[in-house]
1. Take the Cβ-Cβ distance between residue 46 and residue 288 as r, set R0 to 30 Å, and report the resulting FRET efficiency rounded to the nearest 0.05.
2. Calculate, in nm to one decimal, what residue 295 and residue 178 gain on full extension: separation in residues at 0.36 nm each, minus their alpha carbon distance.
3. Quick one: which residues, 5 or more positions from residue 114 or on another chain, have an amide H under 5 Å from its amide H? H modelled 1.01 Å from N in the peptide plane, none for Pro or chain starts.
4. Sorted by accessible area with a 1.4 angstrom probe, largest first, how do 51, 60 fall?
5. Please compare each pair in 30/66; 17/176; 66/188; 30/188; 42/284 to a cut-off of 30 Å on the Cα-Cα distance and tell me which ones are over it.
6. If each residue of separation counts as 0.36 nm, what is the full-extension length gain between residue 305 and residue 242 once their alpha-carbon separation is subtracted?
7. If amide H atoms are built 1.01 Å from N in the plane of the peptide, which residues on other chains or at least 5 residues away come under 5 Å of the amide H of residue 89?
8. Please give the solvent-accessible surface of residue 184 in Å², to the nearest 10, using a probe radius of 1.4 Å with every protein chain present.
Amino acid sequence: MTFDLPFISTNNSSPVKNHLVVLIHGVNGKGTDFDYIATEIKLTANDTLDVQQPLCNQGVSHDGIKICAERYLHWIQNYIELNPHIDSISFIGHSLGGIYARCLVGLLHHHQIIPKVLTPIYFIALSAPHITPDWHMGKTLNAKALKLIIGQSGKDLATTDAIGSDNDPILLELSKPHYTNVLLLFTKIMTYANIRSDPVVEYGNANLTRYHYCNHKAKLKFKDVKLPYVFEHEDPIELIPQHQINSIQDEMLNNLMCLPWTRYAIIPSRPILAHADMIVRFKKHSLKHGKRIVEHIASHFEPHILEHNDSASTMNTDSNLSDYRNSTGVAIPSQILGRNLDNFRSHSCDSYRTNNTFF
């Protein structure tokens, strides 16, 4: 198997770019989907980052979450072998690319690349379908249509991939500690979600919350802002009580809500096309509808912010994965401490209690 590794310059006059930023497109996507974001990140960071858009999944994104993630794993293994100066890594995944990325970080940890070889800095999921929506579940007509349209990746999304076996569906597996604990090694993990006009992934799914930031409330609160507009979701994160969990979706959502996500909500500027506009997928038609969103994403890579986070990342080692049990007896991952605990009202986080194993 071959991978699209870029030409490596031997020009010693260029600054060493030791932070690799991997941009991961979704199903039916292309590496060029991220052209505008890549350019903005490079400009924001004064061209001090190694920003890459691997093509290893282009045209074969229907093959399933695990296989697609493994392709990125091999791409990264080859890339860092050819670029031994790379010592840190960030990920930006759009749509199903955000799920490929969540699987990928688990594989990188399993292969002892994160954090031993590469220090994880940012994980950013843009309108990613973390939880299987109701209309995708089981053997419904929609689930069958999803499989027909996007193959094994559709089965994975519909959680029908494990039917007839003793294994958990891949989406459920990705919500368990041996994958999610790896996300705790990152300096910051972020989600972005459209509050409306995204027919692909609804708000609560992409931002991992039971609370839907309704369009009416957003209009009242931000009636004078220029669209598109990005703001941080700061409402309480309420987990589902254990006795009320009655579906795979509930279990996945609870597991993922235990993590210290920084959630960003987007008020799009036009209907229907918000999913593509947020990454300016089609520059000619999307630029004015996504430019502010991309600038917000790129702002995380401003040099003074990165410098601060690079120093903070040295604290995020496996030893930081101990649980904290608050006054109610609920186990909360240690990285959540000090991060808006007033807004973290947990009924149950049992999946994290003393379970810090990975694979």
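1. Numbers: r = 26 Å, r/R0 = 0.85.
E between residue 46 and residue 288, to the nearest 0.05, is 0.70.
2. On the way: separation 117, 0.36 × 117 = 42.12 nm, distance 3.32 nm.
Full-extension gain reported as 38.8 nm.
3. 109
4. 60, 51
5. Working: 30/66 18 Å; 17/176 34 Å; 66/188 24 Å; 30/188 26 Å; 42/284 20 Å.
Table pairs above 30 Å Cα-Cα are 17/176.
6. Values: separation 63, 0.36 × 63 = 22.68 nm, distance 3.85 nm.
Answer, rounded to one decimal: 18.8 nm.
7. Those lying under 5 Å, H to H, from residue 89 are 20, 119, 121.
8. Taking all protein chains as shown, residue 184 has close to 10 Å².
The values are calculated or read from the model by the stated rules, or taken from the named source; none is laboratory data. Predicted, not measured: the structure shown is a model, and the values here were computed from it. For neighbour counting, all protein chains shown are included, and Cβ atoms are generated from backbone atoms with ideal geometry for every residue, glycine included. All accessible areas refer to the heavy atoms of the entire protein, side chains included, with ligands and DNA or RNA removed. Shrake-Rupley method; radii C 1.70, N 1.55, O 1.52, S 1.80 Å.
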